[in-house]
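Take a look at the structure set out below.
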Amino acid sequence: MSEYDDDRELYYLGNEPDYAASVLASGFRAAPELDFAVGDLDDFNFEPFVTAAPRGQTSRTASLLQSSGLLQVDEFQRLVELKRDESSESGTYSPVGLRSLEYVTTPNENLICAICTSPFIKPVELNCQHIFCEECLYDHLKSGIQSASLCPKCRDPIESLCPTSRLLTQLLDELEVVCPNEPCGCKTLHKRYTIHDHVSSYCDFENVPCPAADCERFIPRRLLNGECLHSQLECDECEDLMMEMELEVRVLPTISYSISLTRQQDHIKNKCPSGLLCCKHCALNLRRGDLAEHHARDCEKIPISCRGRIIGCPITGPRQFVNEHMKTCPIALMAPHIQEQNERQSKLQAETSQIRSQLIDLETKFDELEASFKQLSTSIKRERRQSLATGGTVSASRVEELTGRLDELALDHNSRIDNATSENARMHMNFVNESLRNQQQFHTFNATLTVMRNQLNMLSSLRATGNNANNTTNAANAVNAANSGSSGIGLDSVRREPPKL
Amino acid sequence: MALPKRIIKETERLMAEPVPGISAVPHEDNLRYFDVTIDGPSQSPYEQGTFKLELFLPDDYPMTPPKVRFLTKIYHPNIDKLGRICLDVLKSNWSPALQIRTILLSIQALLGAPNPDDPLANDVAKRWKEDQNAAIQTARDWTTQYAKK
């Protein structure tokens with residue numbers, strides 16, 4: 001209360017003494033019994049609700065309006081106008097329109113203003129004890145219609161206004177409202193008097209001015225990290241330009257806002273297939289998604305090795321150079337055939353090892369059978385001996401039966417042995433044949449290789465000795481001589497048709 | 001200009017809990033413009049009739065009254081041939097505490113209680129005073145002719 005009086009005094013002395021004098025002259029009188037309405041509650045951060053504007057001049061004016069007790073209609077109008085001017089001049093940023101708030105539950109009908117049909121905002125009481133919002137009443141008084149000077153409810157002439165009781169203010173403050181950023185995702189509920197603080201200081205979904213000095217756009221508070229996120233980016237996920245700040249929402253619509261910004265930056269810098277990257281070999285700018293193909297097929301500068309590397313060509317270098325080299329390199333020309341041969345050989349090796357394992361399997365089975373047979377025969381012998389020793393308790397028929405079974409088993413055993421032996425022999429034969437064939441092929445191939453090597457040597461010597469015609473003839477003769485001297489395969493036949501490998 | 005919350009609330013309530021005998025439907029392209037029908041009150045010459053009206057909420061509604069006009073021809077001393085209505089709450093006695101539904105109820109009540117002493121259609125009022133029965137009969141005939149359900 002004392003703080004309040006100070007405020008008023010300051011206002012009168014410092015700001016508008018003429019106005020103060022006029023108010024006093026026109027019969028202004030304070031109503032101290034109602035004076036607490038705002039001043040006391042200031043301590044509870046109540047001010048945003050009362051004024052919907054930061055502390056300062058505006059709040060002081062509003063306090064005056066609330067506290068001045070009984071006011072004449074024209075004073076009231078002047079005060080409201082004064083307040084409006086001040087708030088528009090100072091350009092106060094007031095994010096919450098209290099009128100558009102959604103209430104969690106339907107408020108009690110007694111808290112509803114008959115003019116705006118919403119719970120009172122800054123209620124004032126008329127001399128007829130009807131209560132309206134300050135704004136609504138001001139608009140009514142200013143409407144210019146014939147009944148503008150009458151109470152909208154009872155049509156009594158409006159003579160004076162006074163602040164409403166603290167009880168009403170508190171009831172209004174307690175009303176629960178939905179955060180105005182609910183459509184953007186804020187699902188929180190608040191007491192009405194805290195909603196201004198929530199939105200202006202805490203709500204993650206409130207759009208606040210971009211921190212960059214030269215950017216005039218807004219950004220949701222949750223994305224605020226000191227950087228401007230309004231640069232345009234292209235993302236493969238959606239194929240069009242978008243702002244950095246939108247990326248989080250558009251790529252991952254269900255993303256929780258608690259996921260930090262780094263994730264989205266990570267996407268742009270390291271994962272987004274549309275991000276431009278520079279090829280480190282040829283300095284060409286490419287999309288990240290195209291880089292692998294570029295390296296595998298197009299890049300002229302990436303180091304690769306000659307195709308003949310598998311059989312000893314040592315040439316490596318940039319693709320452009322190696323491609324030129326491969327056009328003339330005989331080893332590179334041979335390489336596909338040799339590779340094919342190698343593949344076939346490894347396939348055969350695999351088959352052979354498979355057959356070998358089968359053979360080993362069969363042998364172990366055979367051993368097992370032999371062992372069981374031996375066991376059986378010894379047990380039969382023992383039984384027979386026992387039966388003889390016990391003096392023929394075992395009947396002759398039983399002996400015969402057993403003998404028959406023994407014969408059967410022996411027969412079975414013999415047939416199995418035969419089978420196994422023949423299988424074994426067959427496998428062995430297969431194996432030997434296969435190995436022979438491989439050996440033969442290998443020899444043939446070796447011979448071909450020797451021939452090629454000779455040719456190569458010859459060619460390089462040719463090049464070394466120069467290009468004159470005589471030399472060429474000599475070299476041809478030498479080649480013929482070498483051919484006749486070397487293995488069974490002649491150079492001509494090699495040229496005409498590749499050796500059958 | 002955004003639609004004030006009060007208008008949205010009123011429209012919602014008119015749809016959710018309509019007044020018996022009265023309907024008001026906003027246009028889709030202009031939510032301040034309503035197509036209204038009012039049933040003639042029973043025991044009045046307008047019984048059995050359904051009257052069409054148009055209602056427009058001006059920009060400064062609810063500080064100024066809505067503009068209402070009959071579209072159906074009606075024989076009534078307080079309604080002229082253009083459909084304009086002479087009703088105090090639509091003019092000097094408007095109060096921002098009144099609503100669309102209360103205004104439409106007032107109009108319905110006006111149909112049940114014509115007031116030839118405060119006329120808008122002078123010829124109708126004159127006849128109403130001179131020969132009330134004949135006037136009422138004309139009103140009935142007009143209702144049958146123009147406002148038949």
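Miscellaneous remarks
- Only one of the listed residues (B:124, B:68) is of a type outside the set (Lys, Arg), within 20 Å of residue B:25 (Cα to Cα) and away from chain A (no Cβ under 14 Å). That residue is B:68.
Yes/no matrix, rows are residues, columns are (1) touching a residue at least 24 places away in the same chain (Cβ under 8 Å); (2) in a helix (DSSP H, G or I); (3) β-branched (Val, Ile, Thr):
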{"position": "B:101", "(1), (2), (3)": "yes, yes, no"}
{"position": "B:110", "(1), (2), (3)": "yes, yes, no"}
{"position": "B:114", "(1), (2), (3)": "yes, no, no"}
{"position": "B:123", "(1), (2), (3)": "no, yes, no"}
{"position": "B:133", "(1), (2), (3)": "no, yes, no"}
{"position": "B:140", "(1), (2), (3)": "yes, yes, no"}
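- Of the set (1) in a helix (DSSP H, G or I); (2) farther than 30 Å from residue B:90 by Cα; (3) open to solvent by 10 Å² or more (accessible area, probe 1.4 Å), all apply to residue A:208 but (1).
- Residue within the stretch B:87-94 that is in contact with a Cys (Cβ under 7 Å, 6 or more places away or on another chain) and either more than 12 Å from chain A (Cβ to nearest Cβ) or free of Cβ contacts under 8 Å to residues at least 60 places away in the same chain (or both) present: no
- When A:327, A:280, A:301 are screened for being open to solvent by 90 Å² or more (accessible area, probe 1.4 Å) and touching a strand residue (DSSP E or B) at 6+ places or on another chain (Cβ under 7 Å), only A:301 passes.
Listed here are the residues, each with its yes/no results for (1) open to solvent by 70 Å² or more (accessible area, probe 1.4 Å); (2) under 26 Å from residue A:432 (Cα atoms); (3) in contact (Cβ under 8 Å) with a residue 12 or more places away in the chain.
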| residue | (1), (2), (3) |
| --- | --- |
| A:354 | yes, yes, no |
| A:366 | no, yes, yes |
| A:373 | no, no, yes |
| A:382 | yes, no, no |
| A:388 | yes, no, no |
| A:395 | no, no, no |
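- Matching residues in the stretch B:1-23 - criterion: being among the small types (Gly, Ala, Ser), more than 9 Å from every other protein chain (Cβ to nearest Cβ) and over 16 Å from residue B:55 (Cβ atoms): B:16
- Filtering the stretch B:133-149 to residues that are of a type in the set (Ser, Thr, Tyr) and either open to solvent by 100 Å² or more (accessible area, probe 1.4 Å) or more than 15 Å from residue B:42 (Cα to Cα) (or both) leaves B:138, B:146.
- Whichever residue in the stretch B:45-71 is surrounded by fewer than 19 Cβ atoms within 10 Å (Cβ to Cβ) and touching a residue at least 60 places away in the same chain (Cβ under 8 Å) and, among such residues, is nearest to residue A:132 (Cα to Cα): B:50
- Subset of the stretch B:72-109 (residues that are farther than 15 Å from residue B:36 by Cβ, of a type in the set (A, V, I, L, M, F, W, C) and in contact with a strand residue (DSSP E or B) (Cβ under 8 Å, 6 or more places away or on another chain)): B:82, B:86
- Residue A:174 meets each of the listed conditions (1) under 24 Å from residue B:88 (Cα atoms); (2) loosely packed, with under 15 Cβ neighbours inside 10 Å apart from (1).
- Tally of residues being outside any loop (DSSP other than H, G, I, E, B) and open to solvent by 20 Å² or more (accessible area, probe 1.4 Å) across the stretch A:99-123: 7
- Among the residues listed as B:74, B:79, the single one being touching a Leu at 6+ places or on another chain (Cβ under 7 Å), away from chain A (no Cβ under 14 Å) and of a type in the set (A, V, I, L, M, F, W, C): B:79
The values are calculated or read from the model by the stated rules, or taken from the named source; none is laboratory data. Just so it is clear, the model here is predicted, and its values are computed rather than measured. Backbone-built Cβ (ideal geometry, glycine too); neighbour counts: all protein chains shown. The accessibility values were calculated without ligands, DNA or RNA, using every heavy atom of the protein model including side chains. Shrake-Rupley method; radii C 1.70, N 1.55, O 1.52, S 1.80 Å.
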